[in-house]
């Protein structure tokens, strides 16, 4: 027993001498599972230096011969078995090199390989054993961290990826044990529910989407007086105007969410994001000076089409089959509407209350100016692809959104009570 442990220790020390200088300074390899209908895609990422040490060759991916040889290397170190004795087709798709950043290590280059596992019996897809010693066969100090990053039936998306295990050298036995992957069985309802939650989460974190709508609603309670905003148009006027704008925005983004997610329309993501920031800027100017009085509904619908393309990009990246995609579009849109209505429900009453006061124009103009500044910061950030101090400040400030709404409510109540007291004093 002790003799075997000593041998294992000596073997580890031998490999440590070869690979420790690199391995200790770079993160472990990662294997991200994307569960599809009939196959599993593994996004296998590992630091370039570590892969070159294990592969014993420099890697540049400049020729098809080099690429094919590297693919063979991956295939030689992967074996899949299951209790149903299915035959598994293991193939390697794209391999690319990009730059990654780690909070401890800093920037480093990594290799990402797309590895596909497809069983002859689809019933084996969610329960199998994976033997994989990529990297580890040469550098036993390394580990491979496995996670499920997408599994529609189980409600797993990249935002809530689930760690499922690690492949590493067993220090007791000196061998590499296979990883038992047991995904379990999900349902269409679980996938649908997860899409509703994803839609809600996207709007919750989508400050720009909500800001556009809220800024567009700022003058919706007011009537136009010449070329300026006039006074409060009444409760019924305000509610009808607000509902029309919200409905138009919903119809707009629902249309492009559908056609974008189904792949019928695609625009560069950078252009879409810039246009979204531009929509906020236009709404902010309109809140100060009526650019399109009475036509807010058309503007909301028009810019809603742009916002919907941004929503669609979330679903397109999931690479779902047709049935799952249809349910996902429905669920995601429901989630968007639920969160959107919730935010409007806790904000609009205070806008209506404030708009009844003579001081509303100051509050409205301040909010519009701040929104305009945010829009300009986002436009600059999205064009240059570099953050600025304003966009960073906004990102950090979003966590205080509930307090800001609370301040809006308190301000509305104080101003409204103050004006009522003034009116009573004049009467007396």
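The values are calculated or read from the model by the stated rules, or taken from the named source; none is laboratory data. Remember, it's a predicted structure, so these values are computed and weren't measured experimentally. Cβ sites come from the backbone with ideal geometry, for glycine too, and all protein chains shown count toward neighbours.
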Tell me the residue from 341, 395, 354, 367 that is more than 27 Å from the chain's Cα centre (by Cα) and either under 30 Å from residue 271 (Cα atoms) or free of Cβ contacts under 8 Å to residues at least 12 places away in the same chain (or both), please. 367
Filter region 38-86 down to residues that are assigned to a strand (DSSP E or B) and under 33 Å from the mean Cα position of the chain (by Cα), then give me how many there are. 11
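Say we look at region 207-228 and pick out the residues that are assigned to a loop (DSSP other than H, G, I, E, B) and touching a residue at least 40 places away in the same chain (Cβ under 8 Å); which of these is nearest to the chain's Cα centre (by Cα)? Before you say what the answer is, go through the steps one by one.
Here is the first cut: in region 207-228, the ones assigned to a loop (DSSP other than H, G, I, E, B) are 218-221, 226-227.
Okay, now just the ones that are also touching a residue at least 40 places away in the same chain (Cβ under 8 Å), so 218-221, 227.
Values: 218: 28, 219: 31, 220: 31, 221: 34, 227: 41 Å.
So, considering only residues that are assigned to a loop (DSSP other than H, G, I, E, B) and touching a residue at least 40 places away in the same chain (Cβ under 8 Å), the one nearest to the chain's Cα centre (by Cα) is 218.
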Going by the conditions given, is residue 285 part of a helix (DSSP H, G or I) and modelled with pLDDT under 95? no
Using the structure shown, decide if residue 103 is over 28 Å from residue 190 (Cβ atoms) and touching a residue at least 12 places away in the same chain (Cβ under 8 Å). no
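Would you check if residue 111 is touching a helix residue (DSSP H, G or I) at 6+ places or on another chain (Cβ under 6 Å) and either assigned by TED's automatic domain parsing to the domain that holds residue 181 or touching a residue at least 24 places away in the same chain (Cβ under 8 Å) (or both)?
Numbers: touching a helix residue (DSSP H, G or I) at 6+ places or on another chain (Cβ under 6 Å): yes; either assigned by TED's automatic domain parsing to the domain that holds residue 181 or touching a residue at least 24 places away in the same chain (Cβ under 8 Å) (or both): yes.
So residue 111 passes the test.
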What pairs can you find where one residue is in region 57-68 and in the same structural domain as residue 96 (by TED's automatic domain parsing), the other is surrounded by 11 or more Cβ atoms within 10 Å (Cβ to Cβ) and assigned to a helix (DSSP H, G or I), and their Cβ atoms are less than 6 Å apart, with a gap of 6+ or different chains? 58/52; 59/52; 61/67
Considering every residue within region 235-253, establish whether at least one is modelled with pLDDT under 95, in contact with a strand residue (DSSP E or B) (Cβ under 8 Å, 6 or more places away or on another chain), assigned to a helix (DSSP H, G or I) and closer than 25 Å to residue 220 by Cα. yes
Among the numbered criteria (1) surrounded by fewer than 19 Cβ atoms within 10 Å (Cβ to Cβ); (2) at pLDDT 95 or above; (3) more than 24 Å from the chain's Cα centre (by Cα), which single criterion is violated by residue 112? (3)
What do you reckon, is residue 238 touching a residue at least 60 places away in the same chain (Cβ under 8 Å) and farther than 30 Å from residue 365 by Cβ? no
Regarding residue 8, is this residue at pLDDT 95 or above and closer than 27 Å to residue 129 by Cα? no
Here is a list of conditions, (1) farther than 14 Å from residue 211 by Cβ; (2) at pLDDT below 90; (3) not in a loop (DSSP other than H, G, I, E, B), and residue 410 meets all of them except one; can you say which number that is? (2)
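Does at least one position in region 132-155 carry a residue that is over 29 Å from the mean Cα position of the chain (by Cα), surrounded by 14 or more Cβ atoms within 10 Å (Cβ to Cβ) and assigned to a strand (DSSP E or B)?
The answer is yes, given that some residue of region 132-155 is over 29 Å from the mean Cα position of the chain (by Cα), surrounded by 14 or more Cβ atoms within 10 Å (Cβ to Cβ) and assigned to a strand (DSSP E or B).
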Please go through (1) surrounded by fewer than 21 Cβ atoms within 10 Å (Cβ to Cβ); (2) in contact with a helix residue (DSSP H, G or I) (Cβ under 9 Å, 6 or more places away or on another chain); (3) under 25 Å from residue 232 (Cβ atoms) for residue 345 and return the number of the only condition it doesn't satisfy. (2)
